[in-house]
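Participant: First, the structure itself, so that you have it in front of you.
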Amino acid sequence: MAETKSFEEKMKRLEEIGELMQDSSIALKESVSLYEEGIGLISELKKELAEAEEKVKILTEQAKEPVLNDYN
């Protein structure tokens, strides 16, 4: 079973990939492999951000709703 990485771990790996790809001595095959990994991470990160944004939106809307008081 694959280990699930946190958002922060994925961001760190994406930064590492960016740094590695700036190295002109890296082989083409490795560059393509890193690029593929990076694209996958970007997709996962975008999904996680969208989910978090939706959750914040829901919570914000709920916070705007009046709280019913049983004592009225």
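The values are calculated or read from the model by the stated rules, or taken from the named source; none is laboratory data. None of the values given here were measured: they were computed from a predicted structure. Positions of Cβ are generated from backbone atoms using ideal geometry, with glycine treated the same way; all protein chains shown enter the neighbour counts.
Participant: Working only within segment 17-55, note down all residues that are of a type outside the set (Ser, Thr, Tyr) and not in a helix (DSSP H, G or I).
Facilitator: Taking segment 17-55 and keeping what is of a type outside the set (Ser, Thr, Tyr), we get 17-23, 26-30, 32, 34, 36-42, 44-55.
If the condition is that a residue be of a type outside the set (Ser, Thr, Tyr) and not in a helix (DSSP H, G or I), then Gln22, Asp23, Ile26, Ala27 are the ones that fit.
Participant: Within the set of pairs 6+ apart or on separate chains, which have a first residue in segment 17-41 that is exposed (fewer than 11 other Cβ atoms within 10 Å of the Cβ), a second that is assigned to a helix (DSSP H, G or I), and C-beta atoms under 8 Å apart?
Facilitator: No pair meets every condition.
Participant: With respect to Glu8, determine if the residue is modelled with pLDDT under 95 and exposed (fewer than 12 other Cβ atoms within 10 Å of the Cβ).
Facilitator: Values: modelled with pLDDT under 95: no; exposed (fewer than 12 other Cβ atoms within 10 Å of the Cβ): yes.
Judged against the criteria, Glu8 is not a match.
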